[in-house]
Structures are given as structure tokens and as C-alpha cells.
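Take a look at the structure set out below.
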Amino acid sequence: MPQIVFRLVRTRGLRPDWPTIRRHAEKALDKEVKPALVKKLSAVAKGWKHAVTFDSSRKRTPTESSVYVYPAANKRIWGFVTLGTKGGYLIPTSPPARGRDGLLHYQVDYSARTAPGGQYGLGTGQKSGKWVTPGQVTHPGIEKPREFEKRIAKDYTPEFRRVMENAMRRGIRAAQKK
């Protein structure tokens, strides 16, 4: 899973009040970082037929604080797209399909909204072309994972650094006032 890291903020020889600094850093994680990451991931899945929603949590240990952003609704759909799938699989697994007349009906062309490399917002997400009606099809799978998380982590790293460095500076100033 991609990670975002930030550098150490030096205190120029002062004895830092780590609990105060940590409190300010964790407040920034909760108020700025988590909502920003949820918003960025939600933008990827915006307009999908099976809407994927995201939630976030923060885990705290004695030595670190971590933010987790994860799909809350339609997790399987998100996993299929971002991680890819292996090989083909039959749709439906046991024909006949549940359709108007018990058969599959679909158009052959599709303009994908996403592409490998974390790209999103590309196509229209619309079907086109002639209609076909087979009893069962082999879905080719998603061989190349989209890896949205890697791209978002890369794009968000500069903003994350800025937010966390500012939070630590606020914490250092607050500690010095004591």
C-alpha cells in the first residue's frame, strides 16, 4: 500500500514538548488530511454506476499515528478496478441470465473512464455499438490494475508535507508558550 511520509521538524536546541506537538499533528490528520484523501478517492469513483464511498480512521500507537482511507460501500467493485482481476470468468456463472427474456443483452463498445497508471476521468462511461444477446460470456477481467492509491499518494505528498510541517510548527509554538 502506498505511504506518505514527512521529514523531521527541528527545534533549534529547544526541549520539545512532544505531547503538545503530537496533539497538533493528530488534529491536522483528523481535520485536514483525512477529508482531503477521502475527497481525492471519491473523485476517482465519481459517476460510477455502482457508487463507491470512502471512510477513514486514524490509528495511534506510542510511536506513530496512521491514517487509513478505505472503501465503505461497494468494496468489491473498488478492489476489482484498483487491484485488477486474474484472468477471465463466466458471466453469469449459471445461465440463463436474469434479463428481460432470461438472456444477456449488451452493447459491444464501452468508453472506459479509467486507465492503468491511476488515470481517471478519461472516457464517458457510456456503452455504444451493436447489441448482442449471448447466453453466457467470458469477462476478460481487468489484467492491468489501475492503482489509484499510488497516484493519489504521489500527488498528495507535497500538500501532506505542508500540512504536517505547519501543524508541528503550531505545536512547537504552543509548547513554547507554556
**Report entry** Residue under evaluation Y110, criteria (1) of a type in the set (S, T, Y); (2) within 30 Å of E32 (Cα to Cα); (3) surrounded by 12 or more Cβ atoms within 10 Å (Cβ to Cβ), criterion not met
**Finding:** (2)
Report summary line: Checked the stretch 27-79 for anything among the small types (G, A, S), surrounded by 12 or more Cβ atoms within 10 Å (Cβ to Cβ) and closer than 27 Å to R162 by Cβ; matches are A28, A36, S42, A43, A45, S56, S65
Query raised in the report: What's the number of the condition P62 fails, among (1) modelled with pLDDT under 90; (2) under 21 Å from A25 (Cα atoms); (3) part of a strand (DSSP E or B)?
Result: (3)
Requested in this report: Please list, ordered by first then second residue, the pairs with beta carbon atoms under 7 Å, 6 or more apart or interchain, first in the stretch 121-142 and assigned to a strand (DSSP E or B), second among the aliphatic types (A, V, I, L, M).
Outcome: G129/V108; K130/V108; V132/V108; V137/I91; V137/L104; T138/L90; H139/I91
Report summary line: Being under 14 Å from V81 (Cα atoms) and within 16 Å of the chain's Cα centre (by Cα) narrows K150, K144, K154 down to just K150
**Report entry** Enumeration of residues in the stretch 74-95 that are more than 24 Å from Q119 (Cβ to Cβ), touching a residue at least 12 places away in the same chain (Cβ under 8 Å) and not in a strand (DSSP E or B)
**Finding:** P92, P95
Report task. Output the residues belonging to the stretch 16-44 that are of a type in the set (S, T, N, Q) and more than 25 Å from the chain's Cα centre (by Cα). Result -> T20
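Residue by residue, here is whether (1) aliphatic (A, V, I, L, M); (2) in a helix (DSSP H, G or I) holds:
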{"site": "A25", "(1), (2)": "yes, yes"}
{"site": "L29", "(1), (2)": "yes, yes"}
{"site": "V38", "(1), (2)": "yes, yes"}
{"site": "S42", "(1), (2)": "no, yes"}
{"site": "W48", "(1), (2)": "no, no"}
{"site": "A72", "(1), (2)": "yes, no"}
Query - the stretch 141-163, residues that are charged (D, E, K, R) and touching a strand residue (DSSP E or B) at 6+ places or on another chain (Cβ under 7 Å) - result: R146
Query raised in the report: Is it true that some residue in the stretch 147-155 is out of contact with any helix residue (DSSP H, G or I) (no Cβ under 6 Å at 6 or more places or on another chain), in a loop (DSSP other than H, G, I, E, B) and either at pLDDT 80 or above or of a type in the set (A, V, I, L, M, F, W, C) (or both)?
Result: yes
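The values are calculated or read from the model by the stated rules, or taken from the named source; none is laboratory data. Treat the numbers as computed from the prediction; the structure is a model and nothing was measured. Virtual Cβ from ideal backbone geometry, glycine too; neighbours counted across all protein chains shown.
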